[in-house]
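Here the structure is laid out as structure tokens; the discussion comes afterwards.
The values are calculated or read from the model by the stated rules, or taken from the named source; none is laboratory data. Small disclaimer: the values here were computed from a predicted structure and weren't measured. We place every Cβ from the backbone using ideal geometry, glycine too, and count neighbours over all the protein chains shown.
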Amino acid sequence: MKLAVLLSGGIDSTTCLAMAIQEVGAENVIALNMHYGQKHEKECLCASKIAAYYKVKYYEHDISSVFKYSNCSLLANSDHEIKHESYAKQLEELGGQGTVETYVPFRNGVMLSIASAISLSLGAEVVYYGAHADDRAGRAYPDCTVEFFNSMNEAVRQGTGGTCILKAPLLYMNKAEVVKTGLGLNAPYKYTWSCYEGDEKPCGTCGTCIDRANAFKANGIKDPAL
């Protein structure tokens with residue numbers, strides 16, 4: 001079996017890559033990175049480094065034109081500032097439920113569709129992506145929910161004549177459990193980048209930096225990337 005992994009360069013997708021390699025071996029895994037118009041290149045550079053570490057075939061694709069109409073704060077064309085507060089605080093401000101400002105419209109749907117098409121062309125039967133339980137809290141990222149995954153997986157299965165399916169192996173894990181899983185597989189977290197800002201060092205105060213710090217703290221170790 002051949003697997004494709006959506007590799008962003010962050011903790012979750014790197015864990016997925018480690019799991020895929022454990023399952024079928026590096027020679028049967030391809031890594032797909034999607035540049036969606038984000039404000040910085042740090043994640044993409046990290047994805048390339050992680051793929052090289054594992055010696056897997058690596059493909060980059062620019063899909064930024066799809067999101068040129070969005071004013072999501074993650075995007076280079078946005079005039080919105082990234083919020084420097086926890087996701088819990090952002091959801092509280094939304095009344096407990098709703099998409100956060102860093103939600104890129106249907107990004108996972110777009111990426112998974114493209115990844116499925118590429119997988120068919122390259123002979124991969126499964127596409128891994130790194131949605132986890134914390135991402136769907138309050139439907140902050142609706143394209144990380146169980147309902148989205150089930151529907152998208154069925155669409156891919158039907159649309160490929162059953163020759164390709166999706167897997168979200170982290171779907172029922174929280175961030176701390178994701179990190180624990182990756183540590184058990186010796187995932188190269190020292191090469192990963194999570195911060196929404198593109199400075200030399202992580203800001204430590206955006207939602208994803210806060211989640212990352214708490215996940216490593218819960219596992220009783222220092223973040224190897226710091």
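Of note:
- Among the candidates E85, E23, residue that is within 26 Å of A225 (Cα to Cα), part of a loop (DSSP other than H, G, I, E, B) and of a type in the set (D, E): E85
- Considering A225, A187, the condition of being closer than 20 Å to I50 by Cα and crowded, with 20+ Cβ neighbours inside 10 Å is satisfied by A187 alone.
- Top-ranked residue in the stretch 101-125 [being over 16 Å from the mean Cα position of the chain (by Cα) and surrounded by fewer than 22 Cβ atoms within 10 Å (Cβ to Cβ); ranked as nearest to I165 (Cα to Cα)]: E125
- Checking each residue in the stretch 50-78 for being in a helix (DSSP H, G or I), buried (at least 17 other Cβ atoms within 10 Å of the Cβ) and either out of contact with any Leu (no Cβ under 9 Å at 6 or more places or on another chain) or of a type outside the set (A, V, I, L, M) (or both) picks out Y54, V66, F67.
- Residue within the stretch 1-17 that is assigned to a loop (DSSP other than H, G, I, E, B), in contact with a strand residue (DSSP E or B) (Cβ under 9 Å, 6 or more places away or on another chain), closer than 19 Å to G207 by Cβ and among the charged types (D, E, K, R) present: no
- Lone unmet requirement of (1) within 23 Å of A117 (Cβ to Cβ); (2) at pLDDT below 95 for K83: (1)
- Total residues in the stretch 138-156, condition assigned to a helix (DSSP H, G or I), hydrophobic (A, V, I, L, M, F, W, C) and surrounded by 17 or more Cβ atoms within 10 Å (Cβ to Cβ): 5
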